[in-house]
Amino acid sequence: MSYDDVEIEDMQWSEELNSYTYPCPCGDLFQITKEDLRLGEEIARCPSCSLYITVIYNMEDFQEDQSKNKPKKIEPVKQQQPLAVA
């Protein structure tokens, strides 16, 4: 059973950990990455104890974020055919 349900807006982004974090009662931080969220994971775990929280978020927000970072498909350059002039 989850320790608590937490809205993603109530969590903090940590560049150092590359994850969203939320304070755990043990003194450490619950953590979940953007990739976890993109994959539909909603459980943020504490690395120091057995507690975990359920993250409430809109999955579409993270799927759109992924498409923005996706490299654009580059079309191959078509070679021009010589043109005969009469």
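If you go through segment 1-16 and keep only what is open to solvent by 70 Å² or more (accessible area, probe 1.4 Å), within 15 Å of Cys46 (Cβ to Cβ) and part of a loop (DSSP other than H, G, I, E, B), you end up with Met1, Tyr3. Taking the residues in segment 47-57 that are among the polar types (S, T, N, Q) and touching a residue at least 24 places away in the same chain (Cβ under 8 Å) as candidates, determine which candidate is most open to solvent (accessible area, probe 1.4 Å). Within segment 47-57, the match that is most open to solvent (accessible area, probe 1.4 Å) is Ser48.
The values are calculated or read from the model by the stated rules, or taken from the named source; none is laboratory data. On a predicted model such as this, the values are computed, not experimentally measured, just so you know. Cβ coordinates were reconstructed from backbone atoms using ideal geometry, including for glycine residues, and neighbour counts include every protein chain displayed. The area values use the complete protein model at the heavy-atom level, side chains included, leaving out ligands, DNA and RNA. Shrake-Rupley method; radii C 1.70, N 1.55, O 1.52, S 1.80 Å.
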